[in-house]
Amino acid sequence: MCFFSSQTKKAIEIARRYRRQPGIVEMAEQIIQEQKIIKAYQHPDCLIVTPGVELQTAKWGLIPFWVRDVEKVESIRSMTANAKAETAFELPSFREAIKKRRCLIPSTGYFEYHHEEKEAIPYHIFLRDTEIFSLAGMYEEWLHPDTKETIRTFSVLTVPANELCAYIHNGGRNLGRMPAILPPEKEKTWLRQDLTKEEINRLLIPYDSLRMDACALEKDYLKRV
């Protein structure tokens, strides 16, 4: 799965990469610039790319639009950082978002643990041929019933792991998964509003492991950064 990501580029660079207007660049610089590790369970603000002309921010951990009980929000979003591509169309939390509110999540890499005997070693996983790549995501805009504040949140879609990712992610929960990575030539297609279920599913496939690489990190890296 994907619970640790990184985004080490400035918002203006992200805007240029996706040909978007940096309408929130001043705020985004403060939120995003130094996020060497983005931890899903902290529900951080991240940059996302939607069909609109400007970059957007959203919090990691999707809150379905239909939630009315504020006390249930945290327990729900603790389970919605990721969504399995195979079941996203079936689950109430995701089925409207994957049809109507798909987004790109800019990333410079993500992290998984590799288990060797009693040790868990974190690996940084990235692409060989590009610094900034896109995770397939979906977002929602939730209206807080008390404050009337609109909160935008997102989830990362996951697919079966390719050979490299399966080797690294060999222990713990949710084995055999990786985030759905979209090649640059498929990014615009992912954001189209007229895609059918079949067309969406055809985009959600494991990325070519030959175009990816990884490096081992110090075992406490994810805890201290």
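The values are calculated or read from the model by the stated rules, or taken from the named source; none is laboratory data. All figures in this text were calculated on a predicted structure; none of them were measured in a lab. Ideal geometry is used to build each Cβ from the backbone, glycine not excepted, and the neighbour counts take in all protein chains shown. For accessibility, only protein heavy atoms count, side chains too; no ligands or nucleic acids. Shrake-Rupley method; radii C 1.70, N 1.55, O 1.52, S 1.80 Å.
Listed values, structure above:
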{"read-out": "Count - residues of the range 138-161 that are in contact (Cβ under 8 Å) with a residue 60 or more places away in the chain, touching a Lys or Arg at 6+ places or on another chain (Cβ under 8 Å) and not in a strand (DSSP E or B)", "value": "1"}
{"read-out": "Candidates Leu195, Leu210, Leu164 - the one that is under 21 Å from Glu90 (Cβ atoms) and out of contact with any Cys (no Cβ under 9 Å at 6 or more places or on another chain)", "value": "Leu195"}
{"read-out": "Complete set of residues in the range 163-189 that are within 30 Å of Arg16 (Cα to Cα), in contact with a strand residue (DSSP E or B) (Cβ under 8 Å, 6 or more places away or on another chain), open to solvent by less than 60 Å² (accessible area, probe 1.4 Å) and not hydrophobic (A, V, I, L, M, F, W, C)", "value": "Pro179, Glu187"}
{"read-out": "Failed condition for Arg19, given (1) of a type outside the set (A, V, I, L, M); (2) on the phi < 0 side of the Ramachandran plot; (3) at pLDDT 85 or above", "value": "(2)"}
{"read-out": "Residue match in the range 193-200 (condition: under 19 Å from the mean Cα position of the chain (by Cα) and open to solvent by 40 Å² or more (accessible area, probe 1.4 Å))", "value": "no"}
{"read-out": "Output for the range 45-76, where each listed residue is within 15 Å of Glu149 (Cα to Cα), of a type in the set (A, V, I, L, M, F, W, C) and outside any loop (DSSP other than H, G, I, E, B)", "value": "Ala58, Val70, Val73"}
{"read-out": "Close pairs (6 angstrom Cβ cut-off, 6 or more residues apart or separate chains): open to solvent by 90 Å² or more (accessible area, probe 1.4 Å) in the range 53-80, assigned to a loop (DSSP other than H, G, I, E, B) anywhere", "value": "Arg68/Pro145"}
